[in-house]
Amino acid sequence: MIYENPFSMPGKFYKGNTHTHSTESDGKQTLKQRFDAYRARGYDFLVMTDHGVVSDVSGFSRDGFLAIPGVELHPGNPYGGETYHFVGIGVSRLVETVGTSANDVLAGINDQGGVAVLAHPYWSGHTITDYAELHGYIGVEVYNTTCYVSIGKGYSESHWDDLLDRAGPTVGLAVDDAHHVSRDAFQGWIMVKARELTTPAILESLRMGAFYSTQGPEIKDMQVAATFLGQCLRVRTTPAQRIAFKGRASCGQCFDAGDGESIEEAECVLEPMWGYLRVEVTDASGKKAWSNPFLVSDYV
Ligand SMILES: [Zn+2]
Ligand SMILES: [Zn+2]
């Protein structure tokens, strides 16, 4: 697999949000208010991604809390859909978007050692047509709180699956994209396994896919195990109503709890034909967690 299993590597899990706005663009809180609020809610790191503005956030890191600079960029889209929204994590300077192709903007994020993510595809109305020619991004926002709160288009699971099936290995991130004070904050985040709480270590783990996304449910472990059926992917979670394993196209398997019951473990055979398996956990209140894909074969 090209991705690291976060449950098999050394380090610690850190909670963070990778998409946030402040009064430096169209957010309702100042940089200080935003960092203070996420720190007070127990986050370990926060990435500030104002539209077309890279702020110096170094003064907002504290013992046990990391402020990471970033940006949201909007290059033109020649493939028919609306303008792109790219989130650049860990960048220290702006990338020019006027007269710059989308791929050159993505390259500009990578050239600085940053990580690029395709933001909120469902909200943007983007399809595989808009993304097929892009390269230099690690993943896509599988859940975006502000897009859910504002128009109900927060979940981009099928967009992620399109990318996985047609473009190749792609990770998924749950994010807030917080603009308001609390209405669209603290509802989607990632748990990153990293060797330490520093920007280089977090970026390295993001590139390795060593994290999972959640709205609350926890993925406690995910391992390959030998069973009498063959190699299985076994997952342990906090109490869930459903644990779903999703592979390419029509491939997958679901495990559901009975009425008034819950499940905390499930396993699924690793079928090479399935290409990959990603795990989706849903709890009794409908909140979800998403693992990154576990690659079963070279499927694209
Ligand atoms: Zn956006
Ligand atoms: Zn945004």
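The values are calculated or read from the model by the stated rules, or taken from the named source; none is laboratory data. Only a predicted model underlies this, so the values are computations on that prediction, with no experimental measurement involved. When we count neighbours, we look across all protein chains shown, and the Cβ atoms used for this are built from the backbone with ideal geometry, even at glycine.
When LYS153 is tested against (1) under 17 Å from the mean Cα position of the chain (by Cα); (2) within 18 Å of VAL47 (Cα to Cα); (3) without any contact (Cβ under 8 Å) to a residue 40 or more places away in the chain, just one condition goes unmet, and that condition is (2). Yes or no: GLU82 acidic (Asp, Glu), within 16 Å of ligand 1 (Cβ to nearest atom) and loosely packed, with under 14 Cβ neighbours inside 10 Å? Here the answer is yes, as GLU82 does meet what is asked. A search for C-beta distances below 7 Å between a residue of the range 177-190 that is more than 14 Å from ASN144 (Cβ to Cβ) and any residue that is assigned to a loop (DSSP other than H, G, I, E, B) and not aliphatic (A, V, I, L, M), counting only pairs 6+ apart in sequence or on different chains, returns VAL181/LYS28; VAL181/GLN29.
Being away from ligand 2 (no atom under 16 Å from the Cβ), closer than 17 Å to ALA119 by Cβ and not acidic (Asp, Glu): is that true of HIS179 here?
No, not satisfied.
Could you give me the residue pairs with C-beta distances under 8 Å whose first residue belongs to the range 44-73 and is in contact (Cβ under 8 Å) with a residue 12 or more places away in the chain, whose second residue is of a type in the set (Asp, Glu) and more than 16 Å from ligand 2 (Cβ to nearest atom) wherever it lies, and which are 6+ apart or on separate chains? These pairs meet every condition: GLY64/ASP44; PHE65/ASP44; LEU66/ASP44; PRO69/ASP56.
The strands (runs of 3 or more DSSP E) found entirely in the range 1-110 include none that carry 1 or more residues being assigned by TED's automatic domain parsing to the domain that holds THR237, more than 19 Å from GLN187 (Cα to Cα) and modelled with pLDDT under 95.
Screening ILE202 on (1) surrounded by 24 or more Cβ atoms within 10 Å (Cβ to Cβ); (2) assigned to a loop (DSSP other than H, G, I, E, B) shows it passes everything except condition (2). Just a yes or no: is a residue in the range 87-104 surrounded by 14 or more Cβ atoms within 10 Å (Cβ to Cβ), among the acidic types (Asp, Glu) and within 20 Å of the chain's Cα centre (by Cα)? No, there is no match, as no residue in the range 87-104 is surrounded by 14 or more Cβ atoms within 10 Å (Cβ to Cβ), among the acidic types (Asp, Glu) and within 20 Å of the chain's Cα centre (by Cα). With respect to being at pLDDT 95 or above and in contact with a Leu (Cβ under 6 Å, 6 or more places away or on another chain), GLY125 falls outside the description.
None of THR146, THR170 is surrounded by 17 or more Cβ atoms within 10 Å (Cβ to Cβ), among the polar types (S, T, N, Q) and free of Cβ contacts under 8 Å to residues at least 40 places away in the same chain except THR146. Residue-level check: of (1) in contact with a Lys or Arg (Cβ under 9 Å, 6 or more places away or on another chain); (2) over 21 Å from TRP290 (Cβ atoms), PRO75 misses just (1).
If you scan the range 161-208, which residues turn out to be of a type in the set (A, V, I, L, M, F, W, C) and within 16 Å of ligand 1 (Cβ to nearest atom)? Passing the criteria: LEU173, ALA174, VAL175, ALA178, ALA185. When residues in the range 18-58 are screened for being under 15 Å from SER182 (Cβ atoms), buried (at least 19 other Cβ atoms within 10 Å of the Cβ) and within 16 Å of ligand 2 (Cβ to nearest atom), 8 of them pass.
Cβ-Cβ distances below 8 Å connect the following pairs, each with a first residue in the range 251-267 that is assigned by TED's automatic domain parsing to the domain that holds ALA284, a second residue that is aromatic (Phe, Trp, Tyr), and a separation of six or more residues or different chains: CYS251/TRP274; GLY252/PHE245; GLY252/TRP274; GLN253/PHE245; CYS254/PHE245; ILE263/PHE255; ALA266/PHE245; ALA266/PHE255.
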